[in-house]
1. Report the net charge of residues surrounding Tyr39, where surrounding means a beta-carbon distance below 15 angstrom and charges are Lys +1, Arg +1, Asp -1, Glu -1.
2. First compute the accessible area of the chain with a 1.4 Å probe, then give the percent of it belonging to carbon and sulfur atoms.
3. Leaving ligands, DNA and RNA out of it, rank Tyr36, Tyr54 by accessible area with a 1.4 Å probe, largest first.
4. Hey, in the GNM for the chain with a 10 angstrom Cα cutoff, which one of Gly52, Gly65, Gly43 fluctuates hardest?
5. Connecting C-alpha atoms closer than 10 Å in a GNM of the chain, tell me which of Pro68, Pro99, Pro82 has the biggest fluctuation.
6. Just one of (i) 2, 7, 6, 5, 4, 5, 4, 4, 4, 4, 4, 3, 3, 3, 3, 3, 3, 3, 3, 3, 3, 2, 2, 2, 2, 2, 2, 2, 1, 1, 1, 1, 1, 1, 1, 0, 0; (ii) 2, 11, 21, 27, 22, 12, 4, 1, 0; (iii) 2, 9, 18, 20, 18, 12, 10, 7, 3, 2, 0 is P(r) over Cα pairs in 5 Å bins from 0, in percent as worked out from the coordinates here. Which one is it?
7. If the elastic network links every pair of Cα atoms under 10 Å, which of Ser51, Ser63, Ser114 fluctuates the most in the Gaussian network model of the chain?
8. Would you mind calculating the gained length between Asn60 and Thr35 on full extension (0.36 nm times residue separation, minus the Cα-Cα distance), in nm to one decimal?
Amino acid sequence: MVFIAVYVGSTSSTIGQTIYEAENATLSGPSILTTYTGYSGTGYADYNNVSGDYVEFLLNASSAGTYPVAFRYANGGAGDRPLQLNVNGVTVVGSLSFPLSGGWANWAYTATNSVTFNAGINTVRITATGSSGGNEDHLL
C-alpha cells in the first residue's frame, strides 16, 4: 500500500529549526499510527516490512548548500533498526543508525548528518534495507 501526500510546508521547533512531520511525507509501506504517546504533529510512521519501506520528505531549500538533518524516532525493539538515507536519489548514508530509544513511547534523535541540498525542492528518503525501521516522528 502506498500513501502519497505532497507536503512542502513545515513548522518551526522551539530551537529554531524546521520540523517536517513523517505523517505528511510520502509513505511506501509504513502506516500512520497514534498508538504510542509523545509524538509531535498528528501521528508517526510505523515501518511494516524489513526491506523496501520508506518515508520520503520534500524539503524546499532557499539556496543550495549543506544542511544538518536528524530524525526523531522511537525504537522499543530488540536492537538497532538502521535505514538507508538518500537525498535527491543519492545514498548519503548506507546504514543510518536508529538505536534503541528505551521504549516505543520514548522519542530520540538520530545523529545529525550534513547533507547537500539543491536550491528548490529536495527529496530526503529513509528506506528499510534488511530490518524494519523504528517509528518515525519527524525530520529536523
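The values are calculated or read from the model by the stated rules, or taken from the named source; none is laboratory data. Worth saying up front: this structure is predicted, and the values here are computed from it rather than measured. We place every Cβ from the backbone using ideal geometry, glycine too, and count neighbours over all the protein chains shown. With ligands, DNA and RNA removed, areas are computed over all heavy atoms of the protein, side chains included. Shrake-Rupley method; radii C 1.70, N 1.55, O 1.52, S 1.80 Å.
1. Numbers: positive: Arg72; negative: Glu21, Glu23, Asp46, Glu136, Asp137.
Charge balance in the 15 Å sphere: -4.
2. Exposed carbon and sulfur together represent 52 percent of the surface.
3. My answer, sorted largest first, is Tyr36, Tyr54.
4. Gly65
5. Top of the fluctuation ranking is Pro68.
6. Working out P(r) over Cα pairs in 5 Å bins from 0, in percent from the coordinates points to (ii).
7. Ser63
8. Details: separation 25, 0.36 × 25 = 9.00 nm, distance 3.03 nm.
So the extension gain works out to 6.0 nm.
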